[in-house]
1. Evaluate the following for residue 318: is it touching a helix residue (DSSP H, G or I) at 6+ places or on another chain (Cβ under 9 Å) and at positive phi?
2. What is the number of the single condition among (1) modelled with pLDDT under 90; (2) assigned to a helix (DSSP H, G or I) that residue 377 does not meet?
3. Which residues, counting only those in the stretch 347-371, are out of contact with any strand residue (DSSP E or B) (no Cβ under 9 Å at 6 or more places or on another chain) and crowded, with 17+ Cβ neighbours inside 10 Å?
4. Residue 44: at pLDDT 85 or above, more than 16 Å from residue 376 (Cβ to Cβ) and not assigned by TED's automatic domain parsing to the domain that holds residue 216, yes or no?
5. Quick check on my filter: what residues within the stretch 158-208 are closer than 17 Å to residue 147 by Cβ and not in a helix (DSSP H, G or I)?
6. Being assigned to a helix (DSSP H, G or I) and in contact (Cβ under 8 Å) with a residue 40 or more places away in the chain is the filter here; which residues of the stretch 134-154 pass it?
7. Given 344, 324, which one is outside the structural domain of residue 29 (by TED's automatic domain parsing) and either surrounded by 17 or more Cβ atoms within 10 Å (Cβ to Cβ) or under 30 Å from residue 258 (Cα atoms) (or both)?
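The values are calculated or read from the model by the stated rules, or taken from the named source; none is laboratory data. Keep in mind that what you see is a predicted model, and the values were worked out from it rather than measured. Neighbour counts are summed over all protein chains in view; Cβ atoms, including those assigned to glycine, are modelled from backbone coordinates with ideal geometry.
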């Protein structure tokens, strides 16, 4: 019988006198989720690392074949649970490309604002927990408080704080009001002082720098060859950002910089995420001050979008429209075509490949999640590092288990 990966790695290291096998996870505080690594150690030195997945399998891709394009938003929410709305935007971006739908200007700006809030939401938790794993508890508290403010903003728009299920084919569930706009403006004003406080706590902190600088190095060539995207790729000198290189929503109208570094280590990935938050603030300020008036959904008469809930409850026309949309044999026509569309999610390129088949649901849907790609790089990045560096490298990659087990 062929040897398992772990047995193979052990046999390769048999000439060493002291070789240990350590299970890191699937339940470990520093993994923050159900990740499992089988580490081969020579003392404290990591010789090999074998990642195992499958501990959080939810059948996300199979469910897309059974739920219609609007129902599936509740599933897409739960892929990257650090920034749920970013998943919804990516899913409906792909669906609208398949159906040939052009969003209204107000909807494009509203989704852009929410996408950048989710980028901040994701980076805040990632940077906070990375500092926490390395002993910096205070930064975690500062950043987590800011996430609560984003929760409040999202709840005011959608009615839910976490899994919002807010986007719809051709628009969003509800329009926002002046109070919501003012809440976003308040967040933009109040975030910089907190950011500067954490910047002073971590960026030049000797302990934090020593634990991250030179750790988990990923060269530019390896980042390209291993298909890295997002902050992981940009921290290795790969200047690629779908918001600029393949514009969608309102990004073509907005001014922002693509943050890159040549460091390629955990510290560089920290710096890239920190600077990206400032760029997100710049995007938010431009978008919220220039958000157009008008409808957030395409014309209901197009038979592509669900009518507003009040119209369903209070008028026969709205009820009929809703019935036409949700009945599987009466919904809108979906072309027999296949599309791939992607957005620049907080972790990298999040794409959906959808095959249409004349039904209101996907005949086949496949996800291109950044965490799955980045977790596969971990063995390459951790080799010959110390055991204590495992949490630093994992934190810099920001692995989300639900994206691994689709």
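1. Judged against the criteria, residue 318 is not a match.
2. (1)
3. Answer for the stretch 347-371, where residues must be out of contact with any strand residue (DSSP E or B) (no Cβ under 9 Å at 6 or more places or on another chain) and crowded, with 17+ Cβ neighbours inside 10 Å: 347, 348.
4. In short, yes.
5. 160, 161, 162, 163, 164, listed by residue number.
6. Of everything in the stretch 134-154, those that are assigned to a helix (DSSP H, G or I) and in contact (Cβ under 8 Å) with a residue 40 or more places away in the chain turn out to be 138, 139, 142, 143, 145, 146, 149, 154.
7. Being outside the structural domain of residue 29 (by TED's automatic domain parsing) and either surrounded by 17 or more Cβ atoms within 10 Å (Cβ to Cβ) or under 30 Å from residue 258 (Cα atoms) (or both) holds for just one of 344, 324, which is 344.
Each row is one residue, and each column tells you yes or no for (1) modelled with pLDDT under 90; (2) closer than 28 Å to residue 398 by Cα.
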{"site": "106", "(1), (2)": "no, no"}
{"site": "122", "(1), (2)": "no, yes"}
{"site": "142", "(1), (2)": "no, yes"}
{"site": "154", "(1), (2)": "no, yes"}
{"site": "159", "(1), (2)": "yes, yes"}
